[in-house]
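The values are calculated or read from the model by the stated rules, or taken from the named source; none is laboratory data. Keep in mind it's a predicted model, so treat the numbers as computed, not measured. Counting neighbours? That spans all protein chains shown, and the Cβs are built from the backbone with ideal geometry, glycine included.
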Amino acid sequence: MSERLKSIYDNIGLPRLIIVGFFLTILAAAAPLGLNVSSLMGDAIRRWAMYGILVLAMVPAVQSGIGLNFGISLGIVAGLLGATLAIELGIGNPWLSILFAMLVGLFIGSVFGIGYGMLLNKVKGSEMTVSTYVGFSVIAFMNMIWLSLPYKSGELIWPLGGQGMRTTISLESSFGGVFNNFMAFTIGDPVTGLSIPTGLILFFLLTCFLVGVFMKSKLGMAMSAAGSNPAFTKSSGINVDKMRILGTAVSTALASIGIITYAQSYGFLQLYNAPLMMGFHSVAAVLIGGASINKAKISHVIIGAFLFQGILAVALPVANKVLPEGNLSDVIRIIISNGIILYALSKTKGGSK
């Protein structure tokens, strides 16, 4: 029995146990501080599902051998372009609007991903460094693009002759909350009870299922083989470089879906520098879920996304109660989130493979 417990302990790891313990501690502290635990858990569940697909985008990238994809900003940009185009065209039906946004985002994200994968094939061994640079650079480049796109919709551009796109764009009149509101219900009191965004959860889990099916397909297994043992895969007649490009394209395309899912839940599109750290958050989440730079599974995504977003959802209200004066609560939130990122990145041991 002791050997079995030791095996479980070794598989989970002390750092992950500490993170789980920290989450349970701050959650337990919420009730004595007068906070609504049901509301906090509902927020944690919502954040888990709305951010989960961005974390899921790490799986094909890691499995194909390019490692942790800090360059998912390319996919995020593709999703934002699809969403803004849907608003510009004034598609009235929210379901048609989000479907159009996702299809456009998938197409642009796949094209970006193919080009990005070709770049990574030329810098083998330095993928993480290059992907980090690409992730930051594309956001900086898009800051100029958002100022020059020829959109005319008053929902997108600054009013009274202002130049460029708004920093924050409301989705209330387009596809805001379409997944969250679908089959949603509340456990307990309608106001203070536990809210379950059923549609959002189902869409996240469906996407996880589809990615899982792809990873178990002949093509997905070839892609994983190319990542785990390139020499053997090449000797078997499989083009390793093409498999790496496939993994990058799927990862980037998933990120485009992920940002649209995130935005519809949040209720707004955030442009310019707002998505800058999303790649780091996604990397940190999948790592604390149990992934490594060489292996990532759907279970790592589900566990890691919940731990990372759950801590952020609960920590800030608790900090507001403990330190109600000034901006210390927000500072603590930043310290906590960056601390999780630092722990997660330390698991990479500085390598790219």
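When you go through (1) within 20 Å of MET102 (Cβ to Cβ); (2) touching a strand residue (DSSP E or B) at 6+ places or on another chain (Cβ under 6 Å); (3) outside any helix (DSSP H, G or I) one by one for ALA263, which number turns out not to apply?
Every listed condition holds for ALA263 apart from (3).
Go through the stretch 68-84 and give me each residue that's over 14 Å from the mean Cα position of the chain (by Cα) and either modelled with pLDDT under 95 or closer than 14 Å to TYR133 by Cβ (or both).
None - no residue of the stretch 68-84 is over 14 Å from the mean Cα position of the chain (by Cα) and either modelled with pLDDT under 95 or closer than 14 Å to TYR133 by Cβ (or both), so the list stays empty.
Among the residues of the stretch 190-209, count how many are touching a strand residue (DSSP E or B) at 6+ places or on another chain (Cβ under 6 Å) and of a type in the set (A, V, I, L, M).
Number of matching residues: 2.
Among the hydroxyl-bearing types (Ser, Thr, Tyr), crowded, with 24+ Cβ neighbours inside 10 Å and touching a residue at least 60 places away in the same chain (Cβ under 8 Å): which single residue out of SER126, SER97, SER131, SER38 fits that description?
SER131
Tell me, which residue of the stretch 43-62 that is within 14 Å of PHE209 (Cβ to Cβ) and among the β-branched types (Val, Ile, Thr) is surrounded by the most Cβ atoms within 10 Å (Cβ to Cβ)?
Residue satisfying both the conditions and the ranking: VAL59.
Which numbered condition trips up GLY237, out of (1) surrounded by fewer than 17 Cβ atoms within 10 Å (Cβ to Cβ); (2) of a type outside the set (Val, Ile, Thr); (3) assigned to a helix (DSSP H, G or I)?
For GLY237, the exception is condition (3).
If a residue counts only when it is touching a Cys at 6+ places or on another chain (Cβ under 8 Å) and either under 15 Å from GLY113 (Cα atoms) or hydrophobic (A, V, I, L, M, F, W, C) (or both), which helices (runs of 4 or more DSSP H) contained entirely in the stretch 24-94 have at least 1 such residues?
Result: 37-56.
Could you list, in sequence order, all residues of the stretch 143-194 that are of a type in the set (A, V, I, L, M, F, W, C), surrounded by 14 or more Cβ atoms within 10 Å (Cβ to Cβ), more than 18 Å from GLN264 (Cα to Cα) and in contact (Cβ under 8 Å) with a residue 60 or more places away in the chain?
Passing the criteria: TRP146, LEU149, MET165, LEU194.
Among the residues of the stretch 109-123, is any surrounded by fewer than 21 Cβ atoms within 10 Å (Cβ to Cβ), modelled with pLDDT of 95 or more, among the polar types (S, T, N, Q) and in a helix (DSSP H, G or I)?
Looking through the stretch 109-123, at least one residue is surrounded by fewer than 21 Cβ atoms within 10 Å (Cβ to Cβ), modelled with pLDDT of 95 or more, among the polar types (S, T, N, Q) and in a helix (DSSP H, G or I).
Please work out if MET223 is of a type in the set (A, V, I, L, M, F, W, C), crowded, with 23+ Cβ neighbours inside 10 Å and either at pLDDT 90 or above or more than 15 Å from VAL55 (Cβ to Cβ) (or both).
Here the answer is yes, as MET223 does meet what is asked.
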